[in-house]
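J.: I have a structure I would like to understand better, so I am pasting it below and will then ask my questions one at a time.
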Amino acid sequence: MTPTHPMRAAFLSEIGVAGYARFYRDSHFILAILAGFVFVAITSYLNLLPATPKEIATVRLVVVIGLWYPIVEELLFRGVIQGWLGTTRPGQHRIAHVTLANWITSLLFVGLHTIYQPAVWSVLIIVPSLLFGHLRDRHHSVYPSIALHAFYNLCFVLIPRF
C-alpha cells in the first residue's frame, strides 16, 4: 500500500471525502430522511410540486436528477466551498446554531437554483441546503449530504403526482 501524500490527504479531508462516516445511523440523518419524504408526499398530494418533464421516472431522469446532480452539487458546494469556508475563522462562526460557512454556501446554492427553478422553490431550497450543510459539518464528510440530496431528488422524481 502506497502512503498518501500529506497535501493530497489534507485536501481530501478538507473537501470531506477522506473518510467514511456511519451517518446512516445518525438520528439527524434519519429524521431528515423522514421529513423529506413527508414533505414531498404532502406537497405532491396538495399538487404544489412544480411541473416536471413528461418522461417522469425515465432512467435518464432518475440518473441525472437523482444521482448526478447530488454528487456534483454536493462535492462543489458542501465539499469545496463549505469545506474551504469552514477552515476560516469567520466561516466557523455560528449564527442561529449554523456555521457561517453553511449559510454562505446555502445562499450560493439557492442562487444556482434560481436559474432553473421557480422562484418560490428556489427560496425554499434554503431549508434542505442548510440541512445538507449541517450534516457536512456534523460528520466532516460530504457523504451524508450526497445521500440525503439524492434521496430528496429521487422522492421528487419518483413519487407520483396525485
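The values are calculated or read from the model by the stated rules, or taken from the named source; none is laboratory data. Everything numeric in this text was worked out from a predicted model, so none of it was measured. Cβ sites come from the backbone with ideal geometry, for glycine too, and all protein chains shown count toward neighbours.
J.: Name every residue in segment 97-155 that is small (Gly, Ala, Ser) and either more than 20 Å from Phe39 (Cα to Cα) or in contact with a Leu (Cβ under 7 Å, 6 or more places away or on another chain) (or both), in order of residue number.
T.: Listed by number, the residues that qualify are Ala101, Ser106, Gly111, Ser141, Ser145, Ala150.
J.: For segment 41-54, enumerate the residues that are assigned to a helix (DSSP H, G or I) and either at pLDDT 80 or above or of a type in the set (A, V, I, L, M, F, W, C) (or both).
T.: Ala41, Ile42
J.: With the structure loaded, tell me whether Leu154 is more than 12 Å from the chain's Cα centre (by Cα), under 29 Å from Leu46 (Cβ atoms) and hydrophobic (A, V, I, L, M, F, W, C) or whether it fails that test.
T.: Yes: the conditions hold for Leu154.
J.: Of the residues in segment 87-107, how many are charged (D, E, K, R) and either part of a helix (DSSP H, G or I) or under 14 Å from Glu73 (Cβ atoms) (or both)?
T.: Of the residues in that region, 1 qualify.
J.: For segment 108-162, which positions are small (Gly, Ala, Ser) and part of a loop (DSSP other than H, G, I, E, B)?
T.: The answer is Ser141, and nothing else.
J.: If I go through segment 130-162 residue by residue, how many of them are closer than 16 Å to Ile65 by Cα and surrounded by 20 or more Cβ atoms within 10 Å (Cβ to Cβ)?
T.: The number of residues fulfilling the criteria is 6.
J.: Please determine whether any residue of segment 55-71 is at pLDDT 95 or above, aliphatic (A, V, I, L, M) and either surrounded by fewer than 13 Cβ atoms within 10 Å (Cβ to Cβ) or not in a strand (DSSP E or B) (or both).
T.: Within segment 55-71 (the criterion being at pLDDT 95 or above, aliphatic (A, V, I, L, M) and either surrounded by fewer than 13 Cβ atoms within 10 Å (Cβ to Cβ) or not in a strand (DSSP E or B) (or both)), the answer is yes, since at least one residue qualifies.
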